[in-house]
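As structure tokens, the structure follows; a few thoughts come after it.
The values are calculated or read from the model by the stated rules, or taken from the named source; none is laboratory data. From a predicted model like this one, the values you see are computed outputs, not experimental measurements. Here the Cβ positions follow ideal geometry from the backbone for every residue, glycine too, while neighbour counts run over all protein chains shown. Calculation scope for accessible area: heavy atoms of the full protein, side chains included, ligands and nucleic acids excluded. Shrake-Rupley method; radii C 1.70, N 1.55, O 1.52, S 1.80 Å.
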Amino acid sequence: MKVQALVENILALDVYESLAGVQKKAVLHVFSETLRALTTSFLDRGFTWLLPVITSKITDPLWPDPGASIELRPELEIYGEHVRLTQSMILHKQLLVAAGYEKIFILSPNIRIERRERAKTGRHAYEFTQLDFEVRGAKREDIFRLVEDVIVETVEHLEDCCRKEFSQLGVEPEKPRTPFKVYTRRELEEKYGKRWETLAPLEAEEPFWVTDIPREFYDYEDLEKGEWRNYDLYLPTYGEVLSGAEREWQYDKILYKIKRDGVSVDAYAYYLGLARRGLLVPSAGAGIGVERLVLWLTKRSHIAEVQPFPRVPGIVLPF
Ligand code: AMP
Ligand code: MG
């Protein structure tokens, strides 16, 4: 009900009034300091910060992903060529590590035209930003430790810099205990059934990792064991905030998976060519949904509350 009321508020929203409000200003200040903390943590660990692309001939297929609910994949024609709007920069990250960049991150705007009913989840926007990072040669556990440390450093920074804003919002940032627990998707399915993604975070008191989730071809799959070396990070109450994986790099396997998934071989021809020439390399990484991270940090109810210009599925505002 609370979320339904919020959706109605967004529909009635005056963009100027909302931006001028004290609460929005407090949230956006925390957002700004969160970006400072996240980017500093990655830069301090030797990552190279790159800027995003918005149009490209190649983007994340977002398929098959049990969590995806995309009603349109926008394409543009520019200079006589068809390009897509970025759904994620995963394949660009793989190209970068293949070309010898050891550790990279990008604040990457993603355009995903989510179905309208996702306005009610309070967690979906049709434009959002990922802090998308990749580490050449890394394994799952390396990424777990990195992300845990970055989140703790971010909360510590916010505790120092944003006392006034948290008091205006009537909440405290929560510093989680590390290391986070790790569950397999099967364990959670056994305990909670098919709705584990919604139910498990409601019971959780600390963030937790989930591994082995069937999805897109670029996540590493052990075909013999039938296990995926990927992971999601879940936050208490708020749910998924990050998806990532160890990556596929071998041509035969990638081609097999692309065909198995019914994804277009032609659309990924250049990428497949790199793999065929043996240029792709093992890596691991993830994308952190920064709006969702700030939603949890500021304990708001709806993603519209953390975006200056809300991009709620089904609702196109004048700005
Ligand atoms: P994905 O790889 O598709 O899971 O996206 C990576 C992260 O981006 C997710 O874990 C979320 O934190 C965030 N994210 C994905 N879709 C949305 C959306 N529609 N609105 C806001 N954040 C999203
Ligand atoms: Mg995901």
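Considering only beta bridges that DSSP places wholly inside the range 142-273, some 75 percent are antiparallel.
If exposed GluC sites (Glu not before Pro) are those in a DSSP loop with at most 12 other Cβ within 10 Å, what is the longest stretch of the chain that has none? Numbers along the way, then the final one.
Values: sites that count: GLU205, GLU224.
In short, 1-204.
Give the shape of the range 52-107 as rounded, prolate or oblate, defined through the alpha-carbon gyration tensor: a ≥ b ≥ c are the square roots of its eigenvalues, a/c under 1.5 means rounded, and otherwise the shape is prolate if a/b is larger than b/c and oblate if not. Because a/c hits 1.5 or more and a/b fails to exceed b/c, the range 52-107 counts as oblate.
Express the carbon and sulfur contribution to the solvent-accessible surface of the range 199-319 as a percent, rounded to the nearest whole number, probe 1.4 angstrom. Don't skip to the end; give the middle numbers.
Working: 2410 of 4580 Å².
Roughly 53 percent of what the probe reaches on the range 199-319 is carbon or sulfur.
Think of the range 1-51 as a dipole: +1 on every Lys or Arg Cβ, -1 on every Asp or Glu Cβ, centred on the Cα centre; then among PHE31, TRP49, GLN4, TRP49 lies furthest on the positive end. When Lys and Arg each count +1 and Asp and Glu each count -1, what net charge do the other residues less than 14 Å away from PHE180, Cβ to Cβ, add up to? That sum, taken over residues with Cβ under 14 Å, equals -3. Applying the criteria of a DSSP loop state and at most 11 other Cβ atoms within 10 Å to the trypsin sites (Lys or Arg not before Pro) of the range 223-259 yields LYS225. Per residue, the accessible area of the chain comes to 48 Å² when a 1.4 Å probe rolls over the protein heavy atoms.
Given +1 at the Cβ of Lys and Arg, -1 at the Cβ of Asp and Glu and no other charges, the dipole of the chain around its Cα centre is 320 debye to the nearest 20.
Counting other C-beta atoms within 10 Å, and keeping those with at most 12, which DSSP coil chymotrypsin sites (Phe, Trp or Tyr not before Pro) do you find in the range 40-81?
On the way: sites: PHE42, PHE47, TRP49, TYR79; in loops: PHE47, TYR79.
Qualifying residues, ordered by number: TYR79.
Nonpolar atom fraction for the range 64-137, defined as the carbon and sulfur part of the 1.4 Å probe accessible area, stands at 51 percent. With contacts taken as Cα pairs under 8 Å and at least 6 residues apart, the range 95-139 reaches a relative contact order of 50 percent.
Filter the chain for me: DSSP H helices, axial length by Cα at least 30 angstrom, mean Kyte-Doolittle hydropathy not below 0.0. List them by residue number. Please list the in-between numbers first.
Working: long enough: 22-44 (33 Å, 0.32); 140-161 (32 Å, -0.10).
The answer, listed by residue number, is 22-44.
Is there a pair in LYS194/LYS259; LYS181/LYS257; LYS2/LYS299 whose C-alpha atoms are over 23 Å apart, and which pairs would that be? Walk me through the numbers before you get to the answer.
Numbers: LYS194/LYS259 27 Å; LYS181/LYS257 30 Å; LYS2/LYS299 14 Å.
Distance filter (> 23 Å) returns LYS194/LYS259; LYS181/LYS257.
Let a ≥ b ≥ c be the square roots of the eigenvalues of the Cα gyration tensor of the range 72-220; is it rounded (a/c under 1.5), or, if not, prolate (a/b larger than b/c) or oblate?
Working: a/c = 1.35, a/b = 1.34, b/c = 1.01.
Note, shape of the range 72-220 comes out rounded.
Across the range 146-270, C-alpha contacts under 8 Å between residues 6 or more apart give a mean separation that, scaled by the residue count, equals a relative contact order of 17 percent. Placing unit charges on each Cβ (+1 for Lys and Arg, -1 for Asp and Glu) gives the chain a dipole about its Cα centre, and among PHE133, TYR251, ASN110 the Cα reaching farthest toward its positive end belongs to TYR251. Mean separation of Cα pairs under 8 Å and 6 or more residues apart, divided by the residue count, gives the chain a relative contact order of 23 percent.
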